[in-house]
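Worksheet: the structure to be examined is printed underneath.
The values are calculated or read from the model by the stated rules, or taken from the named source; none is laboratory data. The structure displayed is predicted, hence computed values, not measured ones. Cβ placement follows ideal geometry from the backbone for every residue including glycine, while neighbour counts extend to all protein chains displayed.
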Amino acid sequence: MDVIVLGGGLMGTASAYFLARRGAQVTLIERNRIGSGATVASFGNIRRTGRHLSQLPLAQRSLRLWGEVEKMLGRDLEFRATGHIRLIFDEGGLADMRAYAEAARPWGLELEELGPREIRARFPGLGPEAIAASLSPHDGSGNPRLIAPAFAEAARRLGAAIVEDARVEQIQRTGSG
Ligand SMILES: Cc1cc2nc3c(=O)[nH]c(=O)nc-3n(C[C@H](O)[C@H](O)[C@H](O)COP(=O)(O)OP(=O)(O)OC[C@H]3O[C@@H](n4cnc5c(N)ncnc54)[C@H](O)[C@@H]3O)c2cc1C
């Protein structure tokens, strides 16, 4: 065994999968069931807009992976690029929104600015208070209930050992690390 991964949420199962794909021998240990922690409570948003600029390269890479996830893991994880909208309610917010759109463009994030009439036409369920909005058309959501089990299953197919119902009580350093 090369690597032990503790915790079978999105982070642990994805780490196990990508390590196994690179040829590492991985054992993942989860105290409950795979995907039963914070991952399952998530709203499943896959969002680049509004992120700190330093996070955007990682967010872009993540979005690309979500676009390929069905091919990569062999099942539909309900990723849908439905778009994300941020509503603006005052002039200060509008200035911030425009400054962010300008700053994010060099990082590959293209945001559309919508005025009140376009907001009402495209999202008729919204109330009248928003004076503007920024739309990130390629952001979306995935199903947070499916993602960790799918990564774990794919890791298992690559030879990783997935151990559930086993709480790690202690971690000790050995002579070899
Ligand atoms: C309500 C809510 C909404 C969210 N919405 C979004 C969103 O829209 N978009 C987004 O990107 N993020 C969102 N997040 C954040 C996201 O869900 C988490 O950041 C992410 O899922 C964390 O993954 P994780 O693998 O680190 O943690 P977890 O999914 O919590 O996995 C950690 C695992 O470790 C196990 N574990 C812990 N201790 C031990 C031990 N000693 N031995 C063995 N196993 C152990 C736990 O049982 C657990 O299964 C949201 C979070 C919440 C709570």
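Side notes on the structure shown:
- Candidate set from region 15-61 (those that are crowded, with 16+ Cβ neighbours inside 10 Å and of a type in the set (Val, Ile, Thr)); member that is farthest from Ala166 (Cα to Cα): Thr49
- In region 11-20, the count of residues that are modelled with pLDDT of 95 or more and part of a loop (DSSP other than H, G, I, E, B) is zero.
- Region 56-73: number of residues that are over 15 Å from Ala104 (Cβ atoms) and in contact with a Phe, Trp or Tyr (Cβ under 8 Å, 6 or more places away or on another chain): 5
- Of residues in region 62-81 being over 12 Å from Ile147 (Cβ atoms) and touching a residue at least 12 places away in the same chain (Cβ under 8 Å), the one surrounded by the most Cβ atoms within 10 Å (Cβ to Cβ): Leu63
- Qualifying residue in region 18-35 (condition: in contact with a helix residue (DSSP H, G or I) (Cβ under 9 Å, 6 or more places away or on another chain), polar (S, T, N, Q), within 11 Å of the ligand (Cβ to nearest atom) and assigned by TED's automatic domain parsing to the domain that holds Ala160): no
- Failed item, numbered, when Ile4 is tested on (1) of a type outside the set (Phe, Trp, Tyr); (2) more than 16 Å from the ligand (Cβ to nearest atom); (3) touching a strand residue (DSSP E or B) at 6+ places or on another chain (Cβ under 9 Å): (2)
- Contact annotation: residue pairs with Cβ atoms under 7 Å, 6 or more positions apart or on different chains, pairing a residue in region 136-150 that is surrounded by 18 or more Cβ atoms within 10 Å (Cβ to Cβ) with a partner that is in a strand (DSSP E or B) and among the polar types (S, T, N, Q), are Ser141/Asn45.
- Conditions (1) in a helix (DSSP H, G or I); (2) out of contact with any helix residue (DSSP H, G or I) (no Cβ under 7 Å at 6 or more places or on another chain); number of the one not met by Ile171: (1)
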